[in-house]
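The values are calculated or read from the model by the stated rules, or taken from the named source; none is laboratory data. Worth saying up front: this structure is predicted, and the values here are computed from it rather than measured. A quick note on method: Cβ atoms are made from the backbone with ideal geometry, for glycine too, and the neighbour counts reach across all protein chains shown.
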Amino acid sequence: MFTGSTTNRALAIFAIAAALLIAIGWVPLDTDTGIVEKVRRQVTIGDALAPTLASIFIGVGGLLLFFQGASPADGRLRLANLRYLALLIGLLLLSFAIMRWAGPAAVALFGAGESYAALRTTAPWNVIGYFLGGTILIASLIAMIEGRPSFRAFAIGVVASSLLILLYDLPFDDLLLPPNGDV
Amino acid sequence: MEVWTYIQLGIAAVFQGPDLFAIAGFGVPVTPIMVLLGFLLGIAVGATPGLAGPMAMAISLPILISIFGFSPDALLPVMGFLIGIMKGATIGGAVPAILFNTPGTPDAYMTTLDGYPMTQAGKARKALKIAHVSSASGDTFSDIVLILCAPFLAVLVESYLDLPEKTALLILSLAFIASVIGNSVGKGLISMGLGLLAVYIGTGEDFYPRLTLGSQTLAQGFPIATAILGVLIIGEVFKSIEDLWHDHRRAQKRPSYTEVGDQHVHRADLRRIAPYIARSAVIGTAIGALPGVGSTLAATLGFTTGSRRHATKSPDATQFGHGAPEGIASTEAANSSVSGANLIPVLSLGIPGNAAAVFLILAADSIGGFNPGPSVFKFTSGSINPELVMAFGLFTIMMLANLFNWTIGGGFMRVVGYMIHIPKHILLPVVLLLTFTAIYVQEARMSAIWFAVGFGVLGYLMRRLGMSPLPFVIAFILGGKLEETARQAFAATGGDAWFLFTNPIAAVFMALAVTVIVFSTRTRKEPAQ
């Protein structure tokens, strides 16, 4: 388990290592111009300077943090936090996958040969993904907090997703709910 | 064009803009209505623990842009609504702090110390009235200082600062923000460095977009909305959901209160609290004018200063922390006077000082036609500078919001007490979906949602590690401008690599930047030893 200044030291070492990696590896390999460039006998600032300076800030921050004493407001990162984060990201991935694919799947099954791209501005096809994905997102998060799935959580998900569809989709023709902007 | 002409044009832009509807043949202009709606929403949001003004501003922005579009006419109604939220949330935060010992916003924590004991003594309504008067006074004072100072500061910057000095000023601002926010200079610098790094991905002047790892998605860079909403809003929601996840089995009793006796604020009460309001308004305004120093520090300083005065001048009266009306006045005047002054660096230098200011800059950036910074305050001869008209329009909006605050703010504060009963564990997942939706409708691509999740995780980790996300966000906003100004300064000085140190004013700014970091490092070390 990390505590107080141990977390700070771990963060400091990570920041210093990341800064070195960015400044020595990533920036030189992934930019076409250097720190400064000479174009037609004129010296200009290259694209590598700004990110290199950013990495220096990260590195200096890491160094200052490494030698900083412990304080009550240091913050702690426990294994339980990472477990929660993994669970949360899993729920988000599931919800967004449903949001992305439920509409095209519904069209493939019941769309009479039409493509989803052709129907993405047509109700109800355009809101199926958002409605299902949004409902799952809200219901699963409420269930996670309450420690059990419930009909109430599902109902809240249904109502909230429907209200957001009414808020964004019905009044505005130019607004596209996910995933209709890039399918 | 003279100042007076621009003031008239600014007022006209607010009151003679497009009409929302007509009553008996008279058109009702849209901007004042939007200010009113934003203000009322802000009070409700501030009174809801778990929500905050910046959250409401973030979620409202895409809806507002969809309603009003990207034309110059859209700027004042949109900014009016956002400024209304910003001001309303400040006073709304005091409601649950006083009634239920639960601060609606972090800066209202000190209000609980005297507000809740007053509620327990049956003086809830009186405490709310004192909070309202103090908050409205501090806010109005701060706005007057903003209106008087911002144009002069901008004119000074434009007159005396050239490209090298402007580059150095941006570096000084970033160094100051990284040093003063949070509990560690090291963490502030890491946060700032990450923000700069993020904004430089996929950008640059070369044909080849830098730092993209060969990805076409990264080649477009991170959209500003995903970075800001991800780190500021989604990261906060992630953290709050985890806190609720751990606390969900803890039985929560629904708070209630009763009122006993006289609830009026008499002239004698006002005379008693006036010196505390005045002192705290000055403290809050001075603190608010510095970028990055938030209203929580202002409230703490206002409370501490007021407490010392009260203990000396009135040793026999109820002391701070035990239900003293002066305690509420000191805290609320201080935290409310930050909001107007925080716009001084925004309007005069283009540097956002807090989360609310970040969303105002984001709105201006999204709509276009108004770039907050010193160039706004150019008094042109012959032709009209439309940005200056907008600036005076914004000043008019702020004074209009104050008028709403003085007239209906107090009454509305007293009816939003029920907002505490909205269960946070239902509210936060809805806010999360709302934020993702707000991001998608602006960007219209799924990659924006993935970026937002990534920035949300970053914001969550920052909070867990005791690192403020605000330097990240401000560096993300200023990073592009910093690089562009530095490139221009380098070219203008004939490729002088030492341009930041050969010019006296720039050298002073750079020395100050180093001093503020060293000084902050030392002052933070001392308490730890």
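So here's what we get for this one:
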{"quantity": "Residue tally, condition out of contact with any helix residue (DSSP H, G or I) (no Cβ under 6 Å at 6 or more places or on another chain), more than 22 Å from B:ALA97 (Cα to Cα) and hydroxyl-bearing (Ser, Thr, Tyr), over region B:277-325", "calculated": "2"}
{"quantity": "Helices (runs of 4 or more DSSP H) enclosed by region B:147-260 - at least 1 residues per element that are acidic (Asp, Glu)", "calculated": "B:163-180, B:235-247"}
{"quantity": "Residue count, region B:1-59 (criterion: polar (S, T, N, Q) and not in a loop (DSSP other than H, G, I, E, B))", "calculated": "3"}
{"quantity": "Answer residue from region B:439-454, given it is at pLDDT 90 or above and within 7 Å of chain A (Cβ to nearest Cβ) and is surrounded by the most Cβ atoms within 10 Å (Cβ to Cβ) among those", "calculated": "B:TYR440"}
{"quantity": "Out of B:GLY193, B:GLY214, B:GLY202, sole residue that is modelled with pLDDT under 90, farther than 26 Å from B:THR493 by Cα and of a type outside the set (Lys, Arg)", "calculated": "B:GLY214"}
{"quantity": "Selected residue [buried (at least 20 other Cβ atoms within 10 Å of the Cβ), under 27 Å from B:ILE224 (Cβ atoms) and more than 22 Å from the chain's Cα centre (by Cα)] from B:ALA89, B:ALA52, B:ALA56, B:ALA13", "calculated": "B:ALA13"}
{"quantity": "Among residues of region B:405-423, those that are touching a Ser or Thr at 6+ places or on another chain (Cβ under 7 Å) and either of a type outside the set (A, V, I, L, M, F, W, C) or more than 14 Å from every other protein chain (Cβ to nearest Cβ) (or both), counted", "calculated": "2"}
{"quantity": "Check on B:GLN442, within 23 Å of the chain's Cα centre (by Cα) and either assigned to a helix (DSSP H, G or I) or within 23 Å of A:ALA80 (Cα to Cα) (or both)", "calculated": "yes"}
{"quantity": "Any hit, region B:478-486, residues being within 11 Å of chain A (Cβ to nearest Cβ), under 30 Å from A:ASP182 (Cα atoms) and not aromatic (Phe, Trp, Tyr)", "calculated": "yes"}
{"quantity": "Close pairs from region B:309-337: first at pLDDT below 95, partner assigned to a loop (DSSP other than H, G, I, E, B) and β-branched (Val, Ile, Thr), Cβ under 6 Å, at least 6 apart", "calculated": "B:ALA324/B:THR318"}
{"quantity": "Considering residues of region B:201-223 that are under 17 Å from B:ALA448 (Cα atoms) and in contact (Cβ under 8 Å) with a residue 60 or more places away in the chain only, the residue nearest to the other protein chains (Cβ to nearest Cβ)", "calculated": "B:THR203"}
{"quantity": "Given (1) facing another protein chain (nearest Cβ under 9 Å); (2) within 21 Å of the chain's Cα centre (by Cα), number of the condition A:GLY69 does not satisfy", "calculated": "(2)"}
{"quantity": "Residues satisfying the stated conditions in region A:164-179, i.e. crowded, with 18+ Cβ neighbours inside 10 Å, facing chain B (nearest Cβ under 8 Å) and either assigned to a loop (DSSP other than H, G, I, E, B) or without any contact (Cβ under 8 Å) to a residue 12 or more places away in the chain (or both)", "calculated": "A:TYR168, A:LEU175, A:LEU176, A:LEU177, A:PRO178, A:PRO179"}
{"quantity": "Residue within region B:325-332 that is surrounded by fewer than 23 Cβ atoms within 10 Å (Cβ to Cβ) and of a type in the set (A, V, I, L, M, F, W, C) present", "calculated": "no"}
{"quantity": "Residue list for region B:51-67, restricted to those being in contact (Cβ under 8 Å) with a residue 12 or more places away in the chain and of a type in the set (A, V, I, L, M, F, W, C)", "calculated": "B:LEU51, B:ALA52, B:MET55, B:ALA56, B:MET57, B:ALA58, B:ILE59, B:LEU61, B:ILE63, B:LEU64, B:ILE65"}
{"quantity": "Options A:LEU53, A:LEU77, A:LEU82, A:LEU92: the member that is facing another protein chain (nearest Cβ under 10 Å), among the aliphatic types (A, V, I, L, M), at negative phi and not in a helix (DSSP H, G or I)", "calculated": "A:LEU77"}
{"quantity": "Answer from B:ALA289, B:ALA311 - the residue that is out of contact with any His (no Cβ under 6 Å at 6 or more places or on another chain) and surrounded by fewer than 18 Cβ atoms within 10 Å (Cβ to Cβ)", "calculated": "B:ALA311"}
{"quantity": "Filter result for B:VAL155 (under 24 Å from A:ILE58 (Cα atoms) and at pLDDT below 90)", "calculated": "no"}
{"quantity": "Subset of region A:140-157 (residues that are touching a residue at least 24 places away in the same chain (Cβ under 8 Å) and either more than 7 Å from chain B (Cβ to nearest Cβ) or charged (D, E, K, R) (or both))", "calculated": "A:SER140"}
{"quantity": "Subset of region B:487-510 that is among the aromatic types (Phe, Trp, Tyr) and without any contact (Cβ under 8 Å) to a residue 60 or more places away in the chain - its residue that is nearest to the other protein chains (Cβ to nearest Cβ)", "calculated": "B:PHE490"}
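Each row is one residue, and each column tells you yes or no for (1) buried (at least 22 other Cβ atoms within 10 Å of the Cβ); (2) within 25 Å of B:GLN442 (Cβ to Cβ).
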position	(1), (2)
A:PRO104	no, yes
A:GLU114	no, no
A:GLY133	yes, yes
A:ALA143	no, no
A:SER150	no, no
A:GLY181	no, yes
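Matching residues to (1) touching a helix residue (DSSP H, G or I) at 6+ places or on another chain (Cβ under 6 Å); (2) surrounded by fewer than 22 Cβ atoms within 10 Å (Cβ to Cβ); (3) at positive phi; (4) more than 8 Å from every other protein chain (Cβ to nearest Cβ):
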| residue | (1), (2), (3), (4) |
| --- | --- |
| B:ALA154 | yes, no, no, yes |
| B:TYR160 | no, yes, no, yes |
| B:LYS166 | yes, no, no, yes |
| B:MET192 | yes, no, no, no |
| B:LEU197 | yes, no, no, no |
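Residue-by-condition table, conditions (1) surrounded by 14 or more Cβ atoms within 10 Å (Cβ to Cβ); (2) within 7 Å of chain B (Cβ to nearest Cβ); (3) in contact with a strand residue (DSSP E or B) (Cβ under 9 Å, 6 or more places away or on another chain):
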residue: A:LEU20; (1), (2), (3): yes, no, no
residue: A:PRO28; (1), (2), (3): no, no, no
residue: A:GLY34; (1), (2), (3): yes, no, no
residue: A:ASP47; (1), (2), (3): yes, yes, yes
residue: A:PHE57; (1), (2), (3): yes, yes, no
